[in-house]
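The values are calculated or read from the model by the stated rules, or taken from the named source; none is laboratory data. From a predicted model like this one, the values you see are computed outputs, not experimental measurements. Please note: Cβ atoms are built from the backbone with ideal geometry, for glycine as well, and neighbour counts cover all protein chains shown.
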């Protein structure tokens, strides 16, 4: 999988790409990440990438012509590239969207900045994604979230079971699919400050453990995220 990231600040991604799961994804998961500096496509001697909004207003807007040239660079080797604009106005990112993105061959993440992008940029992208109902200084943090989330889903990066039964995975209850939070997890010591690991987890009975985990996942979801309990 190839992920191209269009940004004014490519250097902020380098520590992430050299750490933890992202290193493994690049070595064993077939992930290739290319950082494309939007400034490279700026206009004139000063490589201007933004302009004041027509009609007045505060702040600067990223230019559509600059972004169009950058997108041409990012997609010229693949007509199948899926282009995503990162904006607080986009569809809220979740695990299901991540799973869909992980199945694409090439992904382009366009990081907005300043007061946003020229509205005509939206004619150049395939979709818009937000990571929450709040405003960031730019799309770089959102791109990092998507990059990390998608990378860990690639084949060869993590054990398949590690991503099948975690929070926001799909469980089947009464022959119907539901999205649940991950059940409680425990490790050594067996007792800590008066709280013991549930006996069923020490029993070795895999069927009972499976049933217990499903029951606890449902209980936790009802308490913390009842909105998830609608049918998929």
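Here are a few things to note about the model shown:
- Members of region 1-21 that are out of contact with any strand residue (DSSP E or B) (no Cβ under 8 Å at 6 or more places or on another chain) and in contact (Cβ under 8 Å) with a residue 24 or more places away in the chain: 12, 16, 21
- Answer residue from region 30-43, given it is within 18 Å of residue 106 (Cβ to Cβ) and part of a loop (DSSP other than H, G, I, E, B) and is modelled with the lowest pLDDT among those: 30
- Residue within region 114-122 that is part of a strand (DSSP E or B) and closer than 14 Å to residue 150 by Cα present: no
- Looking across region 3-29, the residues that are in a loop (DSSP other than H, G, I, E, B) and either at pLDDT 95 or above or buried (at least 16 other Cβ atoms within 10 Å of the Cβ) (or both) come down to 8, 9, 18, 29.
- Some residue of region 44-59 being in a helix (DSSP H, G or I) and farther than 18 Å from residue 126 by Cβ: no
- As a summary of the residue check, residue 208 satisfies the conditions (1) assigned to a loop (DSSP other than H, G, I, E, B); (2) not assigned by TED's automatic domain parsing to the domain that holds residue 71 except for the one numbered (1).
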